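What follows is one structure encoded as structure tokens, with my remarks underneath.
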Amino acid sequence: MPHIQLNNDAPGIRSLAIYRPDTGKPLYELAQALLRAGSPDSTLTDAERELIAAYVSSLNCTNFCQNSHAAAARYLYGEQGDVVDQTLSDVGHAPLSTKLKALLLIAEHVTHDARTVSSGIVAAARAEGATDGDIHDTVLLSATFCMYNRYVDGLATLTPTDPAAYAAMGERMGTLGYVQPT
Amino acid sequence: MPYIPLPEHLPGITGLLEYRLDTAMPIRELTQILLRGDAPAGESSLTQGERELIAALVSSRNCTNFCEAAHTKAADLLLGETETARAVKADIETAPVSEKMKALLQVAALTQQGGRDVTPAAVARARQAGATDREIHDTVLIAALFCLYNKYVDGMATVAPTDPAYYDILGDRIVNRGYNRPPGGHPAPPPAATNV
């Protein structure tokens with residue numbers, strides 16, 4: 001049960017954006033900007049951005065964000081959708097590019113303690129072809145999901161347990177993007 | 001040294017907010033609403049000084065020197081003294097703030113650790129001390145937002161000036177002008193005149 005009275009029965013972040021539309025607006029705009037666009041020189045695809053979001057949410061154990069962004073990533077990866085679950089269960093053996101693995105390592109450090117993002121792991125990502133924009137976007141995506149995860153869990157919002165609910169959410173996120181709920 | 005090229009005259013978060021304007025705009029808007037916004041008539045809300053205390057506390061727990069110095073300075077200016085922010089960062093329970101504020105600062109500290117650490121008991125304590133749903137909501141979201149800022153600033157290895165005078169100017173700016181982007185951004189100052 002949520003810690004405060006939200007006056008709606010939507011799940012996760014949607015319930016919070018409906019409760020407080022004034023803060024919901026920039027929160028949804030930020031998700032749209034980060035997950036459906038990139039820095040001018042960024043090479044990350046929308047599917048890869050969703051995978052970073054799901055990965056950070058899984059490290060923070062925020063089931064709602066993990067499941068919904070994993071579903072969006074699966075939808076956007078299409079036939080390669082299995083890579084999402086392989087990444088979340090064992091990133092080391094997932095069939096990802098070495099560049100994306102290097103960026104996920106940066107994401108992991110941002111999530112645990114951003115002061116541990118070292119010049120060494122940034123250089124390693126660059127050596128695999130990551131651009132300035134890729135590094136920037138990975139750090140900001142990770143930091144942003146550390147916010148969303150804390151917001152969603154910190155107020156104990158409703159987390160559906162039925163996987164079908166997330167498949168529908170993933171398709172909506174993959175097609176319509178992030179539209180503020182009303 | 002930051003991991004990407006950022007203007008030298010814009011340390012900490014300030015250069016990052018000029019790097020990608022499409023992501024900076026909603027981050028700025030969210031901050032302005034949460035730290036400077038007014039509650040609708042009839043609803044109580046935290047003072048601006050109390051909200052800056054939450055920002056300073058979370059930044060201190062994340063050990064992000066730039067944000068801690070900037071928001072401590074903003075809290076000092078808004079509260080008109082420097083003791084409260086210092087005491088809150090050292091020990092919430094003995095700081096000279098109300099029981100309601102102590103309970104909300106503890107909720108913020110738990111949010112900083114992780115959202116799942118915010119217990120029903122911690123929320124009940126705040127409610128018992130008179131905190132409204134709006135205040136509990138804002139406390140959690142401010143704490144979560146500063147985790148974003150702190151991780152962004154530290155993860156990109158931005159520069160934190162060591163001269164306290166820098167934070168006097170920055171604190172004054174965020175207290176008196178808020179968090180929206182000034183028209184035209186923050187252009188580099190003209191190069192210092194050199195003797196020919």
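Laid out as a table, the results:
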item	result
Selection within the range A:19-53 - more than 10 Å from A:D137 (Cα to Cα), part of a helix (DSSP H, G or I) and basic (K, R)	A:K25, A:R36
Qualifying residues in the range B:34-47 (those that are surrounded by fewer than 19 Cβ atoms within 10 Å (Cβ to Cβ) and in contact (Cβ under 8 Å) with a residue 12 or more places away in the chain) - the one farthest from the chain's Cα centre (by Cα)	B:E43
Residues of the range A:1-33 classified as within 9 Å of another protein chain (Cβ to nearest Cβ), under 12 Å from A:Y151 (Cβ atoms) and surrounded by fewer than 20 Cβ atoms within 10 Å (Cβ to Cβ), total	1
Selection from the range B:132-191 of residues that are over 30 Å from A:S15 (Cα atoms), among the β-branched types (V, I, T) and touching a residue at least 60 places away in the same chain (Cβ under 8 Å)	B:T158, B:V159, B:I174, B:V175
Entirely in the range A:114-180, the helices (runs of 4 or more DSSP H) that have 3 or more residues that are among the hydrophobic types (A, V, I, L, M, F, W, C), surrounded by fewer than 24 Cβ atoms within 10 Å (Cβ to Cβ) and touching a Phe, Trp or Tyr at 6+ places or on another chain (Cβ under 8 Å)	none
Candidate set: the range B:161-184, residues that are within 15 Å of the chain's Cα centre (by Cα) and within 14 Å of another protein chain (Cβ to nearest Cβ); chosen: the one surrounded by the most Cβ atoms within 10 Å (Cβ to Cβ)	B:Y179
Residue within the range A:112-131 that is facing another protein chain (nearest Cβ under 9 Å), closer than 15 Å to A:I52 by Cα and in contact with a Ser or Thr (Cβ under 9 Å, 6 or more places away or on another chain) present	no
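Every number here is computed from the coordinates shown, using simple stated rules; none is lab data. It should be emphasised that the depicted structure is a prediction, and the values quoted were computed from it without experimental measurement. Virtual Cβ from ideal backbone geometry, glycine too; neighbours counted across all protein chains shown.
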